[in-house]
1. Which ones in region A:135-148 are within 18 Å of A:GLN120 (Cβ to Cβ) and at the interface with chain B (Cβ under 7 Å from one of its Cβ atoms)?
2. Does A:GLU102 satisfy being surrounded by 20 or more Cβ atoms within 10 Å (Cβ to Cβ), over 21 Å from B:GLN163 (Cβ atoms) and at pLDDT below 90?
3. I need the full set of residues from region B:149-176 which are within 21 Å of A:ILE122 (Cα to Cα), over 17 Å from the mean Cα position of the chain (by Cα) and among the acidic types (Asp, Glu), in order please.
4. Can you tell me which residues in region A:27-41 are farther than 22 Å from A:PHE55 by Cβ and more than 8 Å from DNA strand D (Cβ to nearest atom)?
5. Could you give me the residue pairs with C-beta distances under 8 Å whose first residue belongs to region A:117-132 and is buried (at least 16 other Cβ atoms within 10 Å of the Cβ), whose second residue is outside any helix (DSSP H, G or I) wherever it lies, and which are 6+ apart or on separate chains?
6. So the check is Cβ under 8 Å with 6+ separation or different chains; which pairs have a first residue in region B:22-45 that's away from every other protein chain (no Cβ under 14 Å) and without any contact (Cβ under 8 Å) to a residue 60 or more places away in the chain and a second one that's of a type outside the set (D, E, K, R) and near DNA strand D (Cβ under 6 Å from one of its atoms)?
7. Within region A:13-41, how many residues are surrounded by fewer than 16 Cβ atoms within 10 Å (Cβ to Cβ) and among the aromatic types (Phe, Trp, Tyr)?
8. Going by what's in this entry, would A:LYS46 be described as basic (Lys, Arg) and away from DNA strand D (no atom under 12 Å from the Cβ)?
Number of protein chains: 2
Amino acid sequence: MDRRHEILEAATKSFSLFGYKATTMDQVAKLANVGKGTIYTFFSNKEELFHAIVFAMINEMKAEKDAIISDRRSFQENAHLVLMKMLEFRERHALLSKLIAEEKEMQTPIVQAVLVKVEQEIVHYIAEHIERAISNKEIRDVDVELVAYLIFKAYMAFAVDWQMTHEQALPEEKIVGVFRDTIFRSLIT
Amino acid sequence: MDRRHEILEAATKSFSLFGYKATTMDQVAKLANVGKGTIYTFFSNKEELFHAIVFAMINEMKAEKDAIISDRRSFQENAHLVLMKMLEFRERHALLSKLIAEEKEMQTPIVQAVLVKVEQEIVHYIAEHIERAISNKEIRDVDVELVAYLIFKAYMAFAVDWQMTHEQALPEEKIVGVFRDTIFRSLIT
DNA sequence: AAATGACCGTTATGGTTTTTTAGTCATTTT
DNA sequence: AAAATGACTAAAAAACCATAACGGTCATTT
């Protein structure tokens, strides 16, 4: 039985369920069926454990994105498919929305820092793809950083913020539809 | 000397400077040079006074918007001019950003409720104008509510959120530019 | 009739004690 | 010998509580 893996599983479960602050190392140890000291042989502290989990998630998302994107499809189609896939994560991973909620309630600086890094990471990936599409003359020449930021913020707005002020979450088709009709549409040459 | 007006001035100053919670009625009374009881002859409680001020601000913004919008200009041009005007408010009125900050720090329920109403109000105005432009065949037929929400969220993202994760605020021309190149561009028939 | 500020019940504050937590390390287990 | 452990400690957070500050009222004053 891989102890490192057990710890990661337990910690992921706990962070997702209770957030960063409310997750204790004793709890993680018990959930993982290891002594507390064992955790510290793999991760030097709570923050590093947390970091490892969040970036495992980002890498999982990135891998799924890379598996989808194909040179044989248009930017428009690729964007559409990746957007659909990312919307699946919305339900599958409770972690991010839990962290966003925690960051709003209490100001946990470690959580804040991680969320900023996650944002930078994702915006960076989006920007890379836009850049490439511009080089390929697939889309118009636009301010890459700003458009990437817009796409990220629009995604978060529809996928996460919407249900704060509306009764129910937006169905995925609607989100995909508005992206297709507005931001993506504006980019075609 | 109009007492009601003095009270509104004093309260606006205090709410903008200190936020909702840190503004005391005694303080407002002293600043307005009236007895505390006098405030209660005009406003039934602190929340109502607060409400009056925030919605005076919204109405001021609405008035500026109405003064700008003209049937003789295209939707595109009107949108551009209104966007420019709204960006001026960003610096002029410290109140809204103070409230947003307060809402993030402590969870003041009254502030939260007002911010939700402000969002609804503004999104509603945007939606009305989109609706009209669609009727006039000026822009394409799109999901009005979602596009209005997108415009509002994009505005907040560039005008307010951007400087949270970046060194400095975005210059207004850049914000106007990205709107022109993406969302507005996608709407033209 | 309008304005006021002392007053009241309630809520927030901040100093203090108690509990919980992250991280360590001497001991035990493999 | 190497890995795992959990009792232990210093530090941080929670619970507590006395006291101050607050929103709102109303008998009195202007």
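The values are calculated or read from the model by the stated rules, or taken from the named source; none is laboratory data. These numbers come from a predicted model, not from an experiment. Counting neighbours? That spans all protein chains shown, and the Cβs are built from the backbone with ideal geometry, glycine included.
1. Matches in region A:135-148: A:ASP143, A:LEU146, A:VAL147.
2. The answer is yes for A:GLU102.
3. Scanning region B:149-176 gives a single hit, B:GLU167.
4. Result: A:LYS30, single match.
5. A:HIS129/A:ILE69; A:ILE130/A:ILE139; A:ILE130/A:VAL142
6. B:LYS36/B:MET25; B:ILE39/B:MET25
7. Adding up the residues that qualify gives 2.
8. Against the criterion (basic (Lys, Arg) and away from DNA strand D (no atom under 12 Å from the Cβ)), A:LYS46 does not qualify.
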